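Everything below concerns the one structure shown next.
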Protein chains: 2
Amino acid sequence: MNQQQLSIEQATVILKLLADKTRLTIVKLLQEQDCCVCEFVEIFQVSQPSISQHLRKLRDADIVKEDRRGQWIFYSINTENSTFSFIEQVLSQIPSQKEKLIELERSGKRITCC
Amino acid sequence: MNQQQLSIEQATVILKLLADKTRLTIVKLLQEQDCCVCEFVEIFQVSQPSISQHLRKLRDADIVKEDRRGQWIFYSINTENSTFSFIEQVLSQIPSQKEKLIELERSGKRITCC
DNA sequence: TTATCATATAATAATATACTTATATATTCA
DNA sequence: TGAATATATAAGTATATTATTATATGATAA
């Protein structure tokens, strides 16, 4: 059942991207639901450029894709990427982070546009 | 079937360690067979201290353990570590590296002591 | 059209990482 | 015991990473 489709070089690229608490949490959250940049800024309590730069790395690797909805840019997981099943396997082994989305909702900071 | 026993912090520690081509290959090779330091030096064509430092990081995280056999120190995967199944899942998705051991054997550099 | 809001990029600084060479330690064997 | 071999550690250096502040860009709404 192992696909073993990734070279060891490709795997290290993906692992490096996931080996950061902010990015790993971002990707895990995106598995729950699409989110926009300002939501991540709120969740992680870091500067907006910091989040933007993390998202850029994930986007450059085609792990996530962006989708403008009015004022906001929503990010989602690019499930069509050939590395997706590898990422999914990693994510399946870490705890859900959805309490962060629930907390966001409770504090009225969830963006629900369009 | 997901154990989800790791916190996101623990997962990033492990992922950081695996997110390096040399270390990822070392761990994958150790899944095939125990190896000693000088074999890794031969395989990766880097300095002995470089390998020693990679192994130290893996050892400090209890991912591998060491076992002196005469002159040599053999490393093996610590399957008793609670992070082992997480690591196993990652490793299952990258290609076998055992051709490196076969090549080592062919060039007469394989250590088979004790 | 101008102000505001959301996001991206540039520049910079602090810290982490992964090598190298030099050297110390531990084991084996003549 | 002393030389040779295997490994670890120390010190130094180059590069990568991740944050910050300042600023640019792009969309919306008064």
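The values are calculated or read from the model by the stated rules, or taken from the named source; none is laboratory data. None of these values were measured; they are calculated from a predicted model. When we count neighbours, we look across all protein chains shown, and the Cβ atoms used for this are built from the backbone with ideal geometry, even at glycine.
Which of the numbered conditions does B:Asp60 fail, given that it passes all the others? Conditions: (1) more than 14 Å from chain A (Cβ to nearest Cβ); (2) farther than 18 Å from A:Ala19 by Cα; (3) within 15 Å of DNA strand D (Cβ to nearest atom).
For B:Asp60, the exception is condition (2).
Taking only the stretch B:80-114 into account, find how many residues are at pLDDT below 95 and touching a Leu at 6+ places or on another chain (Cβ under 6 Å).
The qualifying residues number 1.
Would you please list the contacts, defined by Cβ atoms under 6 Å and residues six or more apart or on different chains, that run from a residue in the stretch A:5-25 that is more than 27 Å from A:Ile43 (Cβ to Cβ) to a residue that is aromatic (Phe, Trp, Tyr) and assigned to a helix (DSSP H, G or I)?
Pairs found: A:Leu6/A:Phe86.
So for the stretch B:86-104 (the condition being more than 11 Å from chain A (Cβ to nearest Cβ) and within 14 Å of DNA strand D (Cβ to nearest atom)), does at least one residue qualify?
The answer is yes; a qualifying residue exists.
Quick one: would you say B:Ile26 is within 13 Å of DNA strand D (Cβ to nearest atom), among the aliphatic types (A, V, I, L, M) and touching a His at 6+ places or on another chain (Cβ under 7 Å)?
yes
Mind checking which residues of the stretch A:29-57 are within 12 Å of DNA strand D (Cβ to nearest atom) and of a type in the set (D, E, K, R)?
Scanning the stretch A:29-57 gives A:Arg56, A:Lys57.
Given the conditions (1) within 7 Å of another protein chain (Cβ to nearest Cβ); (2) within 13 Å of the chain's Cα centre (by Cα), which single one is not true for A:Cys36?
Checking A:Cys36 against (1) within 7 Å of another protein chain (Cβ to nearest Cβ); (2) within 13 Å of the chain's Cα centre (by Cα), the one that fails is (1).
Among the residues of the stretch A:70-104, what is the count of those that are within 16 Å of DNA strand C (Cβ to nearest atom) and exposed (fewer than 14 other Cβ atoms within 10 Å of the Cβ)?
Summing the residues that are within 16 Å of DNA strand C (Cβ to nearest atom) and exposed (fewer than 14 other Cβ atoms within 10 Å of the Cβ) in the stretch A:70-104 gives 2.
Assuming B:Phe44 fulfils every condition listed in (1) without any contact (Cβ under 8 Å) to a residue 24 or more places away in the chain; (2) more than 20 Å from A:Ser7 (Cβ to Cβ) apart from one, which condition is it?
Every listed condition holds for B:Phe44 apart from (2).
So which residues in the stretch A:39-57 are hydrophobic (A, V, I, L, M, F, W, C), surrounded by fewer than 19 Cβ atoms within 10 Å (Cβ to Cβ) and either in contact with a His (Cβ under 6 Å, 6 or more places away or on another chain) or more than 14 Å from chain B (Cβ to nearest Cβ) (or both)?
From the stretch A:39-57, those hydrophobic (A, V, I, L, M, F, W, C) are A:40-41, A:43-44, A:46, A:51, A:55; that's our starting set.
Going one step further and asking which of them are surrounded by fewer than 19 Cβ atoms within 10 Å (Cβ to Cβ), we end up with A:41, A:44, A:46.
Hits for the stretch A:39-57 are A:Val41, A:Val46.
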